[in-house]
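Chemist: Just passing along the structure, written as structure tokens.
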Amino acid sequence: MQRPQQRAETPPGHVVVIGGGIAGLAAAHRLVAVGVRVTLLEATARLGGKLMTGEIAGVQVDLGAESMLARRPEAVALAEAVGLADRLQPPATATASLWTRDALRPMPQGHVMGVPGDPAVLGQVLSPEGLARIAEERDLTPTPVGDDVAVGAYVADRLGREVVDRLVEPLLGGVYAGDAYRISMRAAVPQLFEAVKEGGPLLEAVRRVQERAAARQRTGPVFQGLDGGIGTLPAAVADAVQAGGGEILTATPVLGLTRTESGWAVRTEARTVAADGIVLATPAWSAATLLAAESPAASAELSGVEYASMALVTLAFRRADIEAHEALRGRSGFLVPPVDGHTVKASTFSSNKWQWVADAAPDLFVLRTSVGRYGEEDHIHREDGELVALSLRDLAAATGLTARPVDTEVTRWIGGLPQYPVGHLARVARIRDEAAKLPALRVCGAVYDGVGIPACVASAHRAADEIVRDLAGRTAGRNAGEIIATPTRVRGTGSEAGQ
């Protein structure tokens, strides 16, 4: 009896996704959508990785990532696909400030990740000497960028350290919790890297980036959140995966991966799972351990990826206690240049920024601070009460706030953000090349193509699509062998006559 025909885009097989953060969930969702059987294994008791909600003063808030870039379509499209379209909500205000030189100053406009295109807007942030240094750029000889260059080093060379210390560091460091003088321009600000390679002054390169962005500008908000928190997205994706037939197991760490004649053996404490394909959606250190036996080269590259840790301090105040503080009105929050020597690196005024937070707690004012950058691990290990006290001290200095919170919550993200130093993309290419030598195994997550949610989803889709192609190719090869061995099938009769 002839077996039923499989659709070319739906190869048979079982794929195990290791890691239940947003990348692993997105990969599982992509795979079940085309009919692949999926088992997702998450080591901890919770799905979502750095997307997590919790409560403060009885109000649900995000305790991890709180928004997603909407100008990239992947994350918003995923939210829509899992039934959250009606809960998408842009920020109610995006009026951010810089807390620098002992004052909250308006965030300058017209920059690319802090690199300015027009020095005229920087008067409140830079000193006269800093502005004069920018004016010298046209007289400087070109600075080669080669295959890659550190953002901070290049910008400081062209425009002076003050631009980096007061603008680039708080913006770029806010995304990566890293050191702008180490972060790869090619990996973190690729559009600027390509413009710089074209030659000419850096200011002109920034303006070219802005002109190109304007030419392809999509309508709608730059960022989106979700009513109830971005941390609700993982559960919705998990529900969709299970509705599509996928299996999700939490508190199930993977202890080892072994190649077999037919695919992979995935060893857990309770059992060994047979798989035709693997999507490895874990942090670099975990992926390095799991690949050590089967791909020492990929493992070694992954072991070299460094991470930054950070803590979020969420605070709830009685709204009546903060009404007199003008600095808290209308702003979405502020960023802090490391050069100013404060503990907090940023603060988000959640009740201003997100209407759903304000509606859920009209008598409260919720805000949060972030603490910790690459190389500043000591802050992360302080007691909760000390981190709260340090945050309140800096908030008082920045905004004049002296009220005591009615509730606090400290969330630590140890090893939360992979660092993208110069040469990072070359490392990623080597990891992917080595992983691709293994049968139907791919990697995805924040390590590879960006730390934002859309970038993680995109890397997950890439991994899932490549796995599907691998499985389809394997199936096609088997079928070709069967056709050669069974000539009557070549005639397309659909019968087993003559055998």
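The values are calculated or read from the model by the stated rules, or taken from the named source; none is laboratory data. Computed from a predicted structure; not experimentally measured. Cβ placement follows ideal geometry from the backbone for every residue including glycine, while neighbour counts extend to all protein chains displayed. Remember, those area values only see protein heavy atoms, side chains included, never the ligands or the DNA or RNA. Shrake-Rupley method; radii C 1.70, N 1.55, O 1.52, S 1.80 Å.
So that you can scan it fast, the table gives a plain yes or no per residue for (1) under 18 Å from the mean Cα position of the chain (by Cα); (2) modelled with pLDDT under 95:
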{"site": "10", "(1), (2)": "no, yes"}
{"site": "40", "(1), (2)": "no, no"}
{"site": "51", "(1), (2)": "yes, no"}
{"site": "77", "(1), (2)": "yes, no"}
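Chemist: Still on this structure: Could you please find all residues in region 396-422 being open to solvent by less than 30 Å² (accessible area, probe 1.4 Å) and under 28 Å from residue 147 (Cα atoms)?
Modeler: Correct list: 415, 416, 417, 418, 419, 420.
Chemist: Tell me whether region 305-313 contains one or more residues that are over 22 Å from the mean Cα position of the chain (by Cα) and open to solvent by 10 Å² or more (accessible area, probe 1.4 Å).
Modeler: no
Chemist: Has region 363-370 got any residue that is in contact (Cβ under 8 Å) with a residue 40 or more places away in the chain, open to solvent by 50 Å² or more (accessible area, probe 1.4 Å) and farther than 29 Å from residue 180 by Cβ?
Modeler: Taking every residue of region 363-370 in turn, at least one turns out to be in contact (Cβ under 8 Å) with a residue 40 or more places away in the chain, open to solvent by 50 Å² or more (accessible area, probe 1.4 Å) and farther than 29 Å from residue 180 by Cβ.
Chemist: Quick one: which helices (runs of 4 or more DSSP H) lie wholly within region 230-304 and hold at least 3 residues that are touching a Lys or Arg at 6+ places or on another chain (Cβ under 9 Å) and touching a residue at least 12 places away in the same chain (Cβ under 8 Å)?
Modeler: 296-303
Chemist: Return a yes/no flag: does region 306-326 have any residue that is farther than 30 Å from residue 60 by Cβ and among the small types (Gly, Ala, Ser).
Modeler: The answer is no; no qualifying residue exists.
Chemist: Of the residues that sit in region 55-94 and are among the acidic types (Asp, Glu) and part of a helix (DSSP H, G or I), which one is nearest to residue 21 (Cα to Cα)?
Modeler: Restricting to residues being among the acidic types (Asp, Glu) and part of a helix (DSSP H, G or I), the top hit is 74.
Chemist: Looking at 231, 220, which is the one that is within 16 Å of the chain's Cα centre (by Cα) and under 30 Å from residue 54 (Cβ atoms)?
Modeler: Going through 231, 220 in turn, the sole match is 231.
Chemist: Can you work out which of the residues in region 188-219 that are in contact with a Lys or Arg (Cβ under 8 Å, 6 or more places away or on another chain) and open to solvent by less than 70 Å² (accessible area, probe 1.4 Å) is farthest from residue 22 (Cα to Cα)?
Modeler: Among them, the one singled out is 201.
Chemist: If you check residue 431 against the conditions, is it open to solvent by less than 10 Å² (accessible area, probe 1.4 Å) and more than 25 Å from residue 18 (Cβ to Cβ)?
Modeler: no
Chemist: Let me ask something else. If you go through region 195-215 one residue at a time, do you hit one that is charged (D, E, K, R) and more than 30 Å from residue 422 (Cβ to Cβ)?
Modeler: No: zero hits.
Chemist: Tell me which residues, restricted to region 104-147, are closer than 16 Å to residue 205 by Cβ, outside any helix (DSSP H, G or I) and not aliphatic (A, V, I, L, M).
Modeler: Within region 104-147, 110, 111, 114, 116, 117, 118, 141, 142, 143, 144, 146 qualify.
Residue by residue, here is whether (1) among the hydrophobic types (A, V, I, L, M, F, W, C); (2) open to solvent by less than 30 Å² (accessible area, probe 1.4 Å); (3) within 22 Å of the chain's Cα centre (by Cα); (4) farther than 24 Å from residue 75 by Cα holds:
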site	(1), (2), (3), (4)
235	yes, no, yes, no
256	no, yes, no, yes
269	no, no, no, yes
321	no, no, no, yes
332	no, yes, yes, no
339	yes, no, no, yes
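Chemist: Got at least one residue in region 159-171 being open to solvent by 10 Å² or more (accessible area, probe 1.4 Å), within 14 Å of residue 114 (Cα to Cα) and under 19 Å from the mean Cα position of the chain (by Cα)?
Modeler: Scanning region 159-171 turns up at least one residue that is open to solvent by 10 Å² or more (accessible area, probe 1.4 Å), within 14 Å of residue 114 (Cα to Cα) and under 19 Å from the mean Cα position of the chain (by Cα).
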